[in-house]
Structures are given as structure tokens and as C-alpha cells.
Number of protein chains: 2
Amino acid sequence: MKALATALSTTVLLIAMTDTHAQQATPSSVPGYAYGHASLAPAPYTLADLKALQASMLFGDDDVKALRQSKAILADQTDAILDVWYGFVAATPELVHFFSDTRTGKPDAAYLEAVRKRFALWILDTADARFDQRWLDWQHEIGLRHNRARKNRTDGAQSVAQVNFRYIPALTIPITTTLKPFLAKKGASAADVEKMHAAWVKAVLLQSILWSQPYIKDGQF
Amino acid sequence: MKALATALSTTVLLIAMTDTHAQQATPSSVPGYAYGHASLAPAPYTLADLKALQASMLFGDDDVKALRQSKAILADQTDAILDVWYGFVAATPELVHFFSDTRTGKPDAAYLEAVRKRFALWILDTADARFDQRWLDWQHEIGLRHNRARKNRTDGAQSVAQVNFRYIPALTIPITTTLKPFLAKKGASAADVEKMHAAWVKAVLLQSILWSQPYIKDGQF
């Protein structure tokens, strides 16, 4: 019951927060967004590693094309998508835990909001992914920010020390399942929606695997 | 070119091997198959952990129902499915590497064949998964057998020391993508095929996450 009460109060909080998102975020206006920044460390995996991983995931040119098609479709829907995703997180105690303030045990609204702004950009970055070294280095940084190596630092949050590994690949499912209706909202054919959805499943799983690298024992990634 | 030649020779090898699969394997006839064996160590994750993970993956009763529906559909197709999967592994140098004999660098046919027999049972076990303690303990054992902790031991293979972590969640994609046409071969409605496919994506990703546990740094799973 306590978990449910927490989830419900978070839902109210998140619904209240959505008023603040009328304007589209741009990369330069979002604190902590560092895709392409020279300050990022080089990823510990190479472009050749990425290519091999993509081959093992049947990720090809058709998927890149489908992701690009999705970008225009999703561009003005990121806020609505994030309402659904944040609603799901708020309703799932195991997930909202990762946004909790360790001093109060309650969700940290400022932390949730800071992450949300970067999450909106991430949607478009995923649709537009270039799979180059800059992209790899950013994936590495995102992974570190989930891991105890660097969680909470970007936003100065007083939250739990890590997002446990197991929830990272797992989130491929709710993210891509709830995205599908949004892919269908702009008149694309059913076949194209299927292709875009399949490409998104691959793209999110691929990223979640790269984000997992800081959790993996030396030499086993 | 060398990689291609290796892949092609493996394909020939695998095609030759398929003659030996006329009979359905049964659990008791398959060496190394240990689902439910008292000898298995208890999994390091609990049923409560599993339940939370399933919730985060939107895995519910409908998915269990869809998996059960798939069992009857797949039961007499496991050999044909494995021909496709093994063909894909053989054509992907990064994957066939994990079955290579370290003394020759070539695929180890006996090792491939031993794994294949358990793989056939795994298809039906996934469709019939009970998500109980016995099932959890078996997932743990399967994970160990991919990790350097225990790879090669079951079959006495002289192969590479580990399947690298990143290929484990990645295989969710080729396994479930190539499975879909088989789900459609017995007259299920298009909607039911979609549901079964979605349940399989969740079920395979869920297992791959559990199998990843031995790769994760202490306290970060």
C-alpha cells in the first residue's frame, strides 16, 4: 500500500509537471546534455565492435531508414510520449525508486524534470542516430550516468547510487511498446509502423547493451 | 574473405548435420539438460526480483497465455527453427566464434550439435515457462554456461572461454525475428501471431537479462 501511495502521489506530481513542457527543448538549453561535447571520454568499445553487434542484431540500412522516417513523426510528440513514459515509471515502484531522494524516500521532482528534458532529446537522437564515434562516446557517458560510477552527478541529485543493471535492457520493452501508437499517429501505413517499431526495438536494445558496459566485469563485455 | 570462407564451410557443415535430427529430443535423452535437477545451485535472484522485472517489462498474464499458445504451434517445428538459427550463427563470424575449437580455429561440430539438442528443448521450455524457483535456478545455470565461469564444461568442448556479454541480450532480436514466420505457419490469426511474437520478445529478453547476471559486477545486478 505504501508503494502504491507513493506511485499515485508521483503520478499527480508528474501530471502537474507536464504544464511546463509547452516549449520544445533544444540541445543548448538542456543542462547536462553532452552529445558531441569534446569533454566526453572515448568509449571503451570501437566502431568495429558496434558493427559486429549490429550484424548480430540484424540491424541494417532498412532500420536506419525506418528510424529516420520516425523522426519527423515523433518530433512534435515527444512531450506526449514522455507523459506516457513518466506515467509508467511513476506507477512502477521498482522504477520510480531510481528517482527517489534518499533523504525523504520520495521522488525527486527536480531530478525527474532534469532527466526528462534530456529524454526528449534522446528520442530524436535515437531516430537520427549516426552510429559514429561521437555517438558511441555519448552512449558510454549515458551508461556511466546510470551506473554508480556517475549517477546523480549531472543533476546534483541526492538519489540512490545506481540504476540496477537488470532494469536497463528491460526498459526496451515499455519504451518501444508505448511508442508504437505514436508512430501510427501521422498516417504512416501499417507496414511502415511495423518497420519503424522493429527498428526502434533494435535501436533501444542496442543502446541499452552499450549503456550496460560499466556494469560488466573486466574483459567480459 | 577468410571469415566468409569459414562461415560458408560452417553452413555446409550445419546443413549436413540436420539429417541427424529426425527424432525429437526428450529431456532425459539430452546430455547436460538439467532443468529441475536437484544438483542446480539456487539462483542469486529471487522470485520477487523476477516479479518486479516482469512488471517493468509489461510482462503479464496475456503474455503467458500467448507463450502457451505458441507451444503447440512450435512443437513439431523446432528442427526447422534451429536450421534457421544455426544458419544465422554460421553466417555471422562474430557468433560462430563462440563455437570455435581453440586448437583449430574452426567450428566444433560436436559442440554445436550438443548445444543444439538443448536449444530444441529450450524453445519448448520458453513457451511453457513456469517462472518458479526451478525455472530461476535453470536460468542461473544457463547464464553460468555462457560465462567464463562454466562455458565448455558441460560438453567438454575446447572452445573460447566465454560468450561476451553484449551478444547475449543482442540475440533476442535474431531469435524472435526469425521465429515469427514459424508462429504464423499453423493458421493462427495475424493478431495472435503479433501477440505471440511480442510475448516471445519479452520472454527471451527477460531470460537474457537473467543469463547476464554472472557478468555483472558485485552488487550492480
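Here are the numbers for this structure:
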| quantity | calculated |
| --- | --- |
| Residue-normalised accessible area of the protein assembly as shown, expressed per residue, 1.4 Å probe, Å² | 44 |
| With every protein chain in place, segment A:73-221: carbon and sulfur % of accessible area (1.4 Å) | 55 |
| Greater than 20 Å apart at Cα, pairs in B:71/B:151; B:65/B:195; B:117/B:217; A:71/A:186; A:51/A:202 | B:71/B:151; B:117/B:217 |
| Theoretical gain in end-to-end length, residue A:150 to residue A:134 [0.36 nm per residue, Cα-Cα removed] | 3.8 nm |
| Debye intensity ratio I(q)/I(0), log10, the protein assembly as shown, q values 0.10, 0.13, 0.14 Å⁻¹ (C-alpha model) | -0.73, -1.27, -1.47 |
| Radius ratio Rg over Rh of segment B:71-175, counting only Cα atoms, Kirkwood formula for Rh | 0.96 |
| Cα gyration tensor shape of chain B, rounded if a/c is under 1.5, else prolate or oblate by comparing a/b with b/c | oblate |
| List of segment A:163-212 residues, accessible area with partners at least 20 Å² below that of the chain alone (1.4 Å probe) | A:165, A:166, A:167, A:169, A:170, A:173, A:174, A:194, A:201, A:202, A:205, A:209 |
| Dipole magnitude (debye, nearest 20) for segment B:88-131, charges at Cβ of Lys, Arg, Asp, Glu | 80 |
| Average silhouette area of segment A:141-221, convex hull of alpha-carbon atoms, in square nanometres | 6.6 |
| Alpha carbon centroid spacing (whole Å) that separates segment B:174-201 from segment A:93-157 | 34 |
| Rounded to whole Hz, the Karplus (6.51, -1.76, 1.60) HN-Hα couplings of segment B:164-178, x for glycine and proline | 4, 3, 4, 7, 6, x, 4, 5, 3, 5, x, 4, 7, 5, 6 |
| Chain A: most fluctuating residue of A:130, A:118, A:145 per GNM, C-alpha cutoff 10 Å | A:130 |
| Burial of 10 Å² or greater, segment B:23-65 residues [accessible area, probe 1.4 Å, versus chain by itself] | B:49, B:52, B:53, B:55, B:56, B:57, B:58 |
| Residue among A:79, A:132, A:101 with the largest mean-square fluctuation in a Gaussian network model of chain A, springs linking Cα atoms under 10 Å | A:132 |
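The values are calculated or read from the model by the stated rules, or taken from the named source; none is laboratory data. A quick note: this is a predicted structure, and the numbers were derived from the prediction, not measured. Positions of Cβ are backbone-derived with ideal geometry, glycine not excepted, and every protein chain shown enters the neighbour counts. Surface accessibility is based on the protein's heavy atoms, side chains included, excluding ligands, DNA and RNA. Shrake-Rupley method; radii C 1.70, N 1.55, O 1.52, S 1.80 Å.
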